[in-house]
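Q: Take this structure, written in structure tokens, and hold onto it; I'll ask about it next.
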Amino acid sequence: MLYPTPELNTEDQRVLGEIDELRESLSLQVRSSPSKWTEGLRKFLTADAVAASNSIEGFKVSTVDVEDLLEGERDVDVSEEDRDETLAYQRMMTYIQTLHDVVDFRYGKEFLNALHWMLQGHRHTRRKPAGQWRRGPVYVTDARDAGIAVYTAPDAADVPALIEELVLWLNADDDNHPLVRAAMAHLHLVSIHPWADGNGRMSRSLQTLMIARAGELAPEFSSIEAWLGRPGNTWEYYRELQNRGATYQPDQDVSDWVRFNLTAYHQQAQTVRGRLERSGRVWLLLGEFAEAKGMEPRIVSALHDVAMSGRVRRTRYERTEELGLQRAQRDLRDLVTGGVLKPVGRTRARFYTVGPAFPEAALQAARTPLTLVDPYKRR
């Protein structure tokens, strides 16, 4: 048995309507913005989702380091374990992103296990097999005391039947809003806990896939994983899951879980819209700066990365502007000579950050914090 999808009340319907409006508006913004702005935002959002989802599981890699890893940089100061987890999750998420518009796509047990192998294959052992249902019990322990189980998953013998029911539900059509169905899919999978490890990331990824397949927004703009990865929200996330009970109890009202996800959808859409607007302001300010200084327009992309993410590497600038090695090196060297950028590190590990002559107006625009509205508390 799976959790029944709850009926939405008037407030839920209002919030859901606002989310649809936000997502439609954001979709129009993305389509009408210069590709260089949106391409950089896509990469950032993908990296932010990977960093956040891994951080929930205890793998701490900053978003800017994840961006570098996803760009193929080898000299990034992270542990081998964190590197492996980041790249494995990125590979799985990249595959998920390609499925958003596949016409004959269907969910299946084999598909879920294949995704799990992408995520956990590098950790495969007989005790914790990747791409296979778990063979024994699994517990979610208290973060404060590993000797206390806050959740005991269903018996391993029950997993195949529960997954079969879930797959049927995933492939069925019903009258519920796609975002509500995505939230319920997350809850179903994480509660069944079918694998020995990786259940949280798999459940969040399934939600991301369902959102991406159901909406107009590109997959990179659809995930709420970055929202879930913020420290306060992560605590609320675990609390909402623990409120479902210490064992699998699907015959219950899960309205609170749906409202938690509606808040996440709403605030993540606000966040993405705010970053896109801020990115545009910064780009324009940097363009004015480059023009006033007689600089080539192409250097704006390097300066934009520094303003928005804190640093840029030569290889990223080179790929973004489709430059040769020597041209990219000369551009960055000239920016260093002019005090606009400051080099950090040597040879391949070198990156560039804010120098004393970097335009302050652009930095202020990039660093202006965003105010988020809680859609359930403002009325």
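The values are calculated or read from the model by the stated rules, or taken from the named source; none is laboratory data. Quick caveat: nothing in here was measured; it's all calculated off a predicted structure. FYI the Cβ positions are ideal-geometry reconstructions off the backbone, even for glycines, and counts take in every protein chain you see.
Q: Conditions: (1) at pLDDT 90 or above; (2) more than 17 Å from the chain's Cα centre (by Cα); (3) surrounded by 14 or more Cβ atoms within 10 Å (Cβ to Cβ). E7 meets all but one. Number of the miss?
A: (3)
Q: Continuing with this model, one more query. Can you name the helices (runs of 4 or more DSSP H) wholly within the stretch 148-231 that have at least 3 residues being over 23 Å from S62 (Cα atoms)?
A: 159-171, 178-192, 199-214
Q: Same structure again: Going through R316, R327, R348 one at a time, which residue ends up being closer than 25 Å to G280 by Cβ and not in a strand (DSSP E or B)?
A: R316
Q: Considering only the stretch 328-343, how many residues are surrounded by fewer than 15 Cβ atoms within 10 Å (Cβ to Cβ), in contact with a helix residue (DSSP H, G or I) (Cβ under 9 Å, 6 or more places away or on another chain) and not acidic (D, E)?
A: 1
Q: Something else about it: With respect to L303, determine if the residue is without any contact (Cβ under 8 Å) to a residue 60 or more places away in the chain, assigned to a helix (DSSP H, G or I) and either within 22 Å of S223 (Cβ to Cβ) or under 27 Å from the mean Cα position of the chain (by Cα) (or both).
A: It is true that L303 is without any contact (Cβ under 8 Å) to a residue 60 or more places away in the chain, assigned to a helix (DSSP H, G or I) and either within 22 Å of S223 (Cβ to Cβ) or under 27 Å from the mean Cα position of the chain (by Cα) (or both).
Q: Moving on to the next point. Would you be able to say whether some residue in the stretch 80-97 is part of a loop (DSSP other than H, G, I, E, B) and out of contact with any strand residue (DSSP E or B) (no Cβ under 9 Å at 6 or more places or on another chain)?
A: The answer is no; no qualifying residue exists.
Q: Follow-up question, since we're still on this one. State yes or no: is L286 within 27 Å of Q29 (Cβ to Cβ) and touching a Pro at 6+ places or on another chain (Cβ under 8 Å)?
A: Taking the combined requirement at face value, the residue satisfies it.
Q: To continue, here is another question. Of the residues V61, V50, which single one is assigned to a loop (DSSP other than H, G, I, E, B), surrounded by 19 or more Cβ atoms within 10 Å (Cβ to Cβ) and modelled with pLDDT of 85 or more?
A: V61
Q: Consider H116 carefully, then state whether it is over 16 Å from the mean Cα position of the chain (by Cα), crowded, with 21+ Cβ neighbours inside 10 Å and of a type outside the set (S, T, N, Q).
A: Criteria met by H116.
Q: Might you check whether a residue that is surrounded by 13 or more Cβ atoms within 10 Å (Cβ to Cβ) and either closer than 30 Å to I19 by Cβ or in contact with a Gly (Cβ under 9 Å, 6 or more places away or on another chain) (or both) occurs anywhere in the stretch 367-375?
A: Within the stretch 367-375, one or more residues are surrounded by 13 or more Cβ atoms within 10 Å (Cβ to Cβ) and either closer than 30 Å to I19 by Cβ or in contact with a Gly (Cβ under 9 Å, 6 or more places away or on another chain) (or both).
Q: For P369, indicate whether it is touching a residue at least 24 places away in the same chain (Cβ under 8 Å) and not hydrophobic (A, V, I, L, M, F, W, C).
A: The answer is no for P369.
Q: Need pairs with beta-carbon distance below 7 Å; first residue within 23 Å of A185 (Cα to Cα) and not assigned by TED's automatic domain parsing to the domain that holds V167 and within the stretch 3-32, second among the aliphatic types (A, V, I, L, M) and part of a loop (DSSP other than H, G, I, E, B); sequence gap 6+ or separate chains.
A: Correct list of pairs: Y3/V254; P6/V254.
Q: Considering only residues of the stretch 251-300 that are assigned to a loop (DSSP other than H, G, I, E, B) and not assigned by TED's automatic domain parsing to the domain that holds T38, which is surrounded by the most Cβ atoms within 10 Å (Cβ to Cβ)?
A: M295
Q: Select, from A157, A185, A212, the only residue that is assigned by TED's automatic domain parsing to the domain that holds V258 and out of contact with any helix residue (DSSP H, G or I) (no Cβ under 6 Å at 6 or more places or on another chain).
A: Result of the check over A157, A185, A212: A157.
This table checks each residue for (1) touching a helix residue (DSSP H, G or I) at 6+ places or on another chain (Cβ under 6 Å); (2) more than 30 Å from P375 (Cα to Cα); (3) surrounded by fewer than 17 Cβ atoms within 10 Å (Cβ to Cβ).
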residue: A302; (1), (2), (3): yes, yes, no
residue: V312; (1), (2), (3): yes, yes, no
residue: T320; (1), (2), (3): yes, yes, no
residue: G324; (1), (2), (3): no, yes, yes
residue: G345; (1), (2), (3): no, yes, yes
residue: F351; (1), (2), (3): no, yes, no
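Q: What tally of residues in the stretch 237-252 results from selecting those that are hydrophobic (A, V, I, L, M, F, W, C) and within 11 Å of T152 (Cβ to Cβ)?
A: 1
Q: Picking from M93, M118, which residue would you name as being assigned by TED's automatic domain parsing to the domain that holds E225, touching a residue at least 40 places away in the same chain (Cβ under 8 Å) and touching a helix residue (DSSP H, G or I) at 6+ places or on another chain (Cβ under 9 Å)?
A: M93
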